[in-house]
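Following: one structure in structure tokens, then a few remarks.
The values are calculated or read from the model by the stated rules, or taken from the named source; none is laboratory data. Source: prediction; values computed, not measured. Note that we place each Cβ from the backbone using ideal geometry, even for glycine, and neighbour counts take in every protein chain shown.
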Protein chains: 2
Amino acid sequence: MTDQPCIAVDAMGGDEGLAVMLAGVAHARRQHEGLRFLLVGDEAAIQAGLAQHPNLSQHSEIVHAPEIVGSAEKPSQAIRRAKTTSMGVAIDLVKKGRAAAAVSSGNTGALMAMAKLALRMLPGIDRPALAAPLPTLGDNDVVMLDLGANTECDARNLVQFAVMGAAYARIIFELERPRVALLNIGSEDQKGTDEIRDAAAVLRGQTHLPLAFTGFVEGNQLARGHHDVVVCDGFAGNIALKTAEGTARFVGDLLKRAFTSSTRSKIGFLISRPATKLLRDHLDPNNHNGAVFVGLNGIVVKSHGSANELGVATAIGNAAKLVRADLTRRIAEDLNEFEAAA
Amino acid sequence: MTDQPCIAVDAMGGDEGLAVMLAGVAHARRQHEGLRFLLVGDEAAIQAGLAQHPNLSQHSEIVHAPEIVGSAEKPSQAIRRAKTTSMGVAIDLVKKGRAAAAVSSGNTGALMAMAKLALRMLPGIDRPALAAPLPTLGDNDVVMLDLGANTECDARNLVQFAVMGAAYARIIFELERPRVALLNIGSEDQKGTDEIRDAAAVLRGQTHLPLAFTGFVEGNQLARGHHDVVVCDGFAGNIALKTAEGTARFVGDLLKRAFTSSTRSKIGFLISRPATKLLRDHLDPNNHNGAVFVGLNGIVVKSHGSANELGVATAIGNAAKLVRADLTRRIAEDLNEFEAAA
């Protein structure tokens, strides 16, 4: 299975609808030979949509689920409908071993609640965290976690996130000892909350893990490429992630305004277009889509609700990479090692 | 005094040194006719530095202070030296009524601790907050607070910040009813911490204040221009502010790479230079420098540690504007009104 991973896709989740999800799956199939899919959702609608993607039909199977989780639905409410919703059924396919990973663009809170209930935590883990690689100026991206699964975290949670984030970074960046930092509001030892300072003390004390703890990192240093993993609670992580997204878009909008402000600047823009297109691709969130819930007994990838075809394909590609690299087992091994030495 | 404000400047604070501080003061003096200054710090050094700025000498007076607060010094340690440091003496000049405001580029924690101790809080205020306007796509900037004065805040603090931030926005943006939002990780009612949800409940219930509460705002919406004031605790505010700074710089660096990647793109860049220069000015943190501690009995403005001449001048200009607009009295009036109705 690890060589020919089968991915369960919640075909109904996300703001963009079924057609974009299917186009994204077909896109992923073209990029990654050998992938197989279980497309979960309304059978008739998926069947109709697949007419556009004959090549995908050969490598996928439809699994019917009559209901959809609403984007504003409370997780506590959604989990009662786990067995009948496309999201719940996709996760259940992972639990049953029919799929190696589930991918959904739906409601994050519901996805986490369903995944936690169905797949359970790895031994010793209290909470899963949402982790994703973000672009930097350095040689590789930076894995950031938690991006919003847990509003509040204690020191123990943060240390577990550090261990899991390092395992993730080793896989996707092929690093021996990822540099791991805690997100804080200053670099001095006394800065931040008790939880952060306590987590720093534990991480400073560990020597047996394949990670290098580099202390505190501030928001303005996230993209400098000086760290491979940045750890924080889900509130701070979500604020940082969304502020970075919003600021990149803001600068892009200002740039557009600047370039269209005069004929002269329009000409300049046209000439330098190939270069600015590269930049746009580098910053396009669809090229960085697909956050994974680490700490679960199984791989569940969250695709952005507004991801386009490319974004969905990127998220599926990430899921396949983590399946092939055996993320769950490798995180479990690191956690065992950490617990044994503690 | 309100017509010809006198500003006490901590001439020794900041990473850039005395020469940049003095150049910034001279720059501000050229921009704002009528300002007078008390330059606080080492008398001989300031005297020597003023030789470069003959026009400034006429409108300023040196107040000697033999010591400097270190940038990594603990606030608890710094306040013991309040009477002998340039930072402490500058604040003391405000307390004594000799200056209408103090401006420092030094250690933020020490500045807040000294200002709190010397000037005291406005009646009913538990903690001051650091507030500053940040650039948006809209008609005006957005005032954000707290930017790092208080790592953790309760609902009462957040509500006070909203009232004070609105008073500040009315003054600097000349608005009747600023739109005030709470920074959160989602727009739905159940999102975020208890503190944020409780503060939202109080703000939703108020009708007598000159502000319009608009609910929750996420990090990706900060720069859209849909809000005039965004309220958060100092941890989240600092993460958001610095992540925005870092991302803007990151995009700028990528843009530079893109524009220098080929001869063609270099030519395009040269042609569109006037337009991109406008953009650079718009994003330059030195054009947005000068955060004010709201909630104090007096005006203390924090200039960025690495502010250049222009940045220092911007911070001083902000201080002068707040003095002329009588910020302290107006915030006190709003707070009275709020407390009377509560």
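Quick grid of which residues meet (1) at the interface with chain B (Cβ under 7 Å from one of its Cβ atoms); (2) closer than 30 Å to A:GLU195 by Cα; (3) buried (at least 21 other Cβ atoms within 10 Å of the Cβ); (4) not β-branched (Val, Ile, Thr):
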site	(1), (2), (3), (4)
A:ALA240	yes, yes, yes, yes
A:ASP253	yes, no, no, yes
A:ARG257	no, no, no, yes
A:THR263	no, no, no, no
Open item on the list: I'm trying to understand the selection: among the residues of region B:244-259, which are touching a helix residue (DSSP H, G or I) at 6+ places or on another chain (Cβ under 6 Å) and either within 25 Å of B:ALA320 (Cβ to Cβ) or of a type outside the set (A, V, I, L, M, F, W, C) (or both)?
Closed with: B:GLU245, B:GLY246, B:THR247
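Suppose we filter B:GLY246, B:GLY268, B:GLY298 for residues that are out of contact with any strand residue (DSSP E or B) (no Cβ under 6 Å at 6 or more places or on another chain), farther than 28 Å from A:LEU182 by Cα and at pLDDT 90 or above; which single one remains? Reasoning before the result, please.
Details: B:GLY246 fails: farther than 28 Å from A:LEU182 by Cα; B:GLY268 fails: at pLDDT 90 or above.
Being out of contact with any strand residue (DSSP E or B) (no Cβ under 6 Å at 6 or more places or on another chain), farther than 28 Å from A:LEU182 by Cα and at pLDDT 90 or above holds for just one of B:GLY246, B:GLY268, B:GLY298, which is B:GLY298.
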- [ ] Return yes when B:ALA102 is buried (at least 24 other Cβ atoms within 10 Å of the Cβ), under 20 Å from B:GLU61 (Cβ atoms) and more than 16 Å from the chain's Cα centre (by Cα) and no when it is not.
- [x] no
- [ ] Could you list all residues from region A:215-231 that are more than 8 Å from chain B (Cβ to nearest Cβ), farther than 14 Å from B:VAL251 by Cα and within 23 Å of the chain's Cα centre (by Cα)?
- [x] A:PHE216, A:VAL217, A:HIS226, A:HIS227, A:ASP228, A:VAL229, A:VAL230, A:VAL231
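Does B:MET164 satisfy the condition of being over 17 Å from A:ILE239 (Cβ atoms) and crowded, with 22+ Cβ neighbours inside 10 Å? Reasoning before the result, please.
On the way: over 17 Å from A:ILE239 (Cβ atoms): yes; crowded, with 22+ Cβ neighbours inside 10 Å: yes.
Taking the combined requirement at face value, the residue satisfies it.
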Open item on the list: Between a residue in region B:172-191 that is closer than 12 Å to B:THR214 by Cβ and any residue that is surrounded by 15 or more Cβ atoms within 10 Å (Cβ to Cβ) and of a type in the set (Ser, Thr, Tyr), which pairs come within a Cβ distance under 7 Å, given they are 6 or more apart or on different chains?
Closed with: B:ARG179/B:THR214; B:VAL180/B:THR214; B:ALA181/B:THR214
Open item on the list: Quick check on region A:61-77: of everything there that is at pLDDT 95 or above and not β-branched (Val, Ile, Thr), which residue is nearest to B:GLY186 (Cα to Cα)?
Closed with: A:GLU67
- [ ] Scan the helices (runs of 4 or more DSSP H) fully inside region B:230-342 and keep the ones with 3 or more residues being over 23 Å from B:MET164 (Cα atoms).
- [x] B:234-259, B:263-271, B:273-283, B:309-324
TODO: With respect to B:GLY148, determine if the residue is in a loop (DSSP other than H, G, I, E, B) and in contact with a strand residue (DSSP E or B) (Cβ under 6 Å, 6 or more places away or on another chain).
DONE: yes
- [ ] Quick one: B:VAL312 ticks every box in (1) within 14 Å of chain A (Cβ to nearest Cβ); (2) in contact (Cβ under 8 Å) with a residue 40 or more places away in the chain except a single one, so which number is it?
- [x] (1)
- [ ] Considering (1) of a type outside the set (Asp, Glu); (2) crowded, with 16+ Cβ neighbours inside 10 Å; (3) under 26 Å from A:ASN220 (Cβ atoms), say which one B:ALA332 fails and leave the rest.
- [x] (3)
Task: Of all residues making up region A:218-233, the number that are surrounded by 24 or more Cβ atoms within 10 Å (Cβ to Cβ) and either over 20 Å from B:ALA223 (Cβ atoms) or polar (S, T, N, Q) (or both) - done: 7
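Being touching a residue at least 60 places away in the same chain (Cβ under 8 Å) and polar (S, T, N, Q) is the filter here; which residues of region B:194-224 pass it? I'd like the intermediate steps shown before the answer.
As a first pass, look at region B:194-224 and keep what is touching a residue at least 60 places away in the same chain (Cβ under 8 Å): B:206, B:208-210, B:222-224.
Once the filter is applied, which keeps residues that are touching a residue at least 60 places away in the same chain (Cβ under 8 Å) and polar (S, T, N, Q), region B:194-224 yields only B:GLN206.
Provide a single number: the residues in region A:152-178 that are part of a loop (DSSP other than H, G, I, E, B) and within 17 Å of the chain's Cα centre (by Cα). Reasoning before the result, please.
So in region A:152-178, the residues part of a loop (DSSP other than H, G, I, E, B) come out as A:152-154, A:174-178.
Okay, now just the ones that are also within 17 Å of the chain's Cα centre (by Cα), so none.
Matching residues across region A:152-178 total 0.
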Task: Selection count where residues are buried (at least 21 other Cβ atoms within 10 Å of the Cβ) and either assigned to a strand (DSSP E or B) or free of Cβ contacts under 8 Å to residues at least 60 places away in the same chain (or both), scope region B:90-99 - done: 1
Task: Criterion (more than 14 Å from chain B (Cβ to nearest Cβ) and more than 25 Å from the chain's Cα centre (by Cα)) met by exactly one of A:ALA341, A:ALA325 - done: A:ALA341
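Restricting attention to region A:198-210, does a residue exist that is within 24 Å of B:ASN150 (Cα to Cα) and hydroxyl-bearing (Ser, Thr, Tyr)? Show your work before the answer.
Step one: of region A:198-210, the residues within 24 Å of B:ASN150 (Cα to Cα) are A:198-201.
Next, only the ones that are hydroxyl-bearing (Ser, Thr, Tyr) stay: none.
No, region A:198-210 contains no residue that is within 24 Å of B:ASN150 (Cα to Cα) and hydroxyl-bearing (Ser, Thr, Tyr).
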Task: strands (runs of 3 or more DSSP E) fully within region B:1-74 counting 3 or more residues that are surrounded by 16 or more Cβ atoms within 10 Å (Cβ to Cβ) and touching a residue at least 40 places away in the same chain (Cβ under 8 Å) - done: B:6-10, B:36-41
TODO: Please work out which one of (1) touching a Gly at 6+ places or on another chain (Cβ under 7 Å); (2) surrounded by 20 or more Cβ atoms within 10 Å (Cβ to Cβ); (3) among the aliphatic types (A, V, I, L, M) is the condition B:VAL142 fails and give its number.
DONE: (1)
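Within region B:265-290, how many residues turn out to be within 14 Å of chain A (Cβ to nearest Cβ) and in contact (Cβ under 8 Å) with a residue 24 or more places away in the chain?
Selection size over region B:265-290: 7.
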Open item on the list: Can you find a residue that is out of contact with any Asp or Glu (no Cβ under 6 Å at 6 or more places or on another chain), in a loop (DSSP other than H, G, I, E, B) and within 14 Å of chain B (Cβ to nearest Cβ) anywhere in region A:109-130?
Closed with: no
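Taking into account only those residues within region B:179-214 that are of a type outside the set (Gly, Ala, Ser), in a loop (DSSP other than H, G, I, E, B) and in contact with a Gly (Cβ under 8 Å, 6 or more places away or on another chain), which is nearest to the other protein chains (Cβ to nearest Cβ)?
Filtering region B:179-214 for residues of a type outside the set (Gly, Ala, Ser) gives B:179-180, B:182-185, B:188-191, B:193-198, B:202-204, B:206-211, B:213-214.
Narrowing further to those that are in a loop (DSSP other than H, G, I, E, B): B:184-185, B:188-191, B:193, B:206-211.
Add one more test, that the residue is in contact with a Gly (Cβ under 8 Å, 6 or more places away or on another chain), and what stays is B:184-185.
Values: B:ASN184: 9, B:ILE185: 4 Å.
Here the residue is B:ILE185.
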